[in-house]
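Here, each number is a calculation from the coordinates, and none is a lab measurement. Since the model is a prediction, treat every value here as computed from it, not as a measurement.
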Amino acid sequence: MNKFMLVLLAILGGVEVVFYIFTPIIIGAIWVYLFGLNVWTSYFLFGICLLASLFRAIKVGWLK
């Protein structure tokens, strides 16, 4: 595999990890933007999204 292809795959892998980690945060932010933080379910959903993002970040950090 030539170096150009290796660099391209490394960049695509990095972008995939960023989207993998930030997807729950983006979903929670869209929910808060649409419905606000008026009721306890919005806080609950936002908390679950943040915990999911934290779990994904820890999972990616332990990959070899």
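Relative to the longest principal axis of the chain, what angle (0 to 90°, nearest 10) does the C-alpha long axis of helix 40-61 take?
So the helix axis and the longest Cα principal axis differ by about 20 degrees.
Relative to the longest principal axis of the C-alpha atoms of the chain, give the angle of the C-alpha long axis of helix 3-35, reported between 0 and 90° and rounded to the nearest 10°.
Roughly 0 degrees between the two axes.
So what is the calculated 222 nm ellipticity per residue for the chain, using -39500 (n - 2.57) for each DSSP H run with n of 4 or more, over all residues, to the nearest 500 deg cm²/dmol?
That calculation yields -31000 deg cm²/dmol at 222 nm.
Stokes-Einstein D for region 18-61 at 25 °C, 0.890 mPa s, Kirkwood Rh over Cα pairs, in µm²/s?
Taking Rh from Cα pairs, D becomes 233 µm²/s.
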